[in-house]
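K.L.:
What follows is a single structure, and I will ask about it in a moment.
The values are calculated or read from the model by the stated rules, or taken from the named source; none is laboratory data. Note that the structure is predicted; figures quoted are calculated from it, not measured. We place every Cβ from the backbone using ideal geometry, glycine too, and count neighbours over all the protein chains shown. Remember, those area values only see protein heavy atoms, side chains included, never the ligands or the DNA or RNA. Shrake-Rupley method; radii C 1.70, N 1.55, O 1.52, S 1.80 Å.
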Amino acid sequence: QVHLVESGGGLVQPGGSLRLSCAASGSIAGIYSMGWFRQAPGKERELVASIFSGGNTNYADSVKVRFTISMDNTKKTVYLQMNSLKPDDTAVYFCRLFQWGSQYWGQGTQVTVSS
């Protein structure tokens, strides 16, 4: 079993920055990916960014340049640095780990961008 704990959400003004963290524990081995998804009210959950244990990354077009995903393999922790935040970035952000055909989700952390 895998357990994910997210932190770092909150309220920020437009143009501000936040850093999300997600620490994974449990049965994690071999090749895996970790990523961030978000879900705004009335909308479907969407991929924000993902990173493989080997380092390859993938971003949604809407966050390229503004967001950076990184991973500390030794700590099994993934980070999402979010800069130049916009009101449209407001959502619940979920961490996901994917390995060997199974996916595991965190509980979600609220990010609100508002003046």
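K.L.:
When both residues are 6+ apart or on different chains and their Cβ atoms are under 9 Å apart, which pairs have a first residue that lies in segment 26-38 and is in contact (Cβ under 8 Å) with a residue 60 or more places away in the chain and more than 23 Å from TYR93 (Cα to Cα), and a second that is open to solvent by 30 Å² or more (accessible area, probe 1.4 Å) and assigned to a strand (DSSP E or B)?
P.N.:
Going by the 9 Å Cβ cut-off, the qualifying pairs are ILE31/PHE52.
K.L.:
Of the residues GLY8, GLY26, GLY15, GLY101, which single one is open to solvent by 40 Å² or more (accessible area, probe 1.4 Å), touching a strand residue (DSSP E or B) at 6+ places or on another chain (Cβ under 6 Å) and on the phi > 0 side of the Ramachandran plot?
P.N.:
Going through GLY8, GLY26, GLY15, GLY101 in turn, the sole match is GLY26.
K.L.:
Next up: Which residue pairs have Cβ atoms under 6 Å apart, sit 6 or more places apart or on different chains, and have a first residue in segment 59-79 that is at positive phi and a second that is assigned to a strand (DSSP E or B) and open to solvent by less than 40 Å² (accessible area, probe 1.4 Å)?
P.N.:
Final answer for the pair search is LYS76/ALA24.
K.L.:
Condition check: without any contact (Cβ under 8 Å) to a residue 60 or more places away in the chain, within 15 Å of the chain's Cα centre (by Cα) and over 15 Å from GLY8 (Cα atoms). Does SER50 satisfy that?
P.N.:
Yes, satisfied.
K.L.:
Go through segment 77-98 and give me each residue that's farther than 28 Å from PRO14 by Cα and open to solvent by 60 Å² or more (accessible area, probe 1.4 Å).
P.N.:
PHE98, the sole residue that qualifies.
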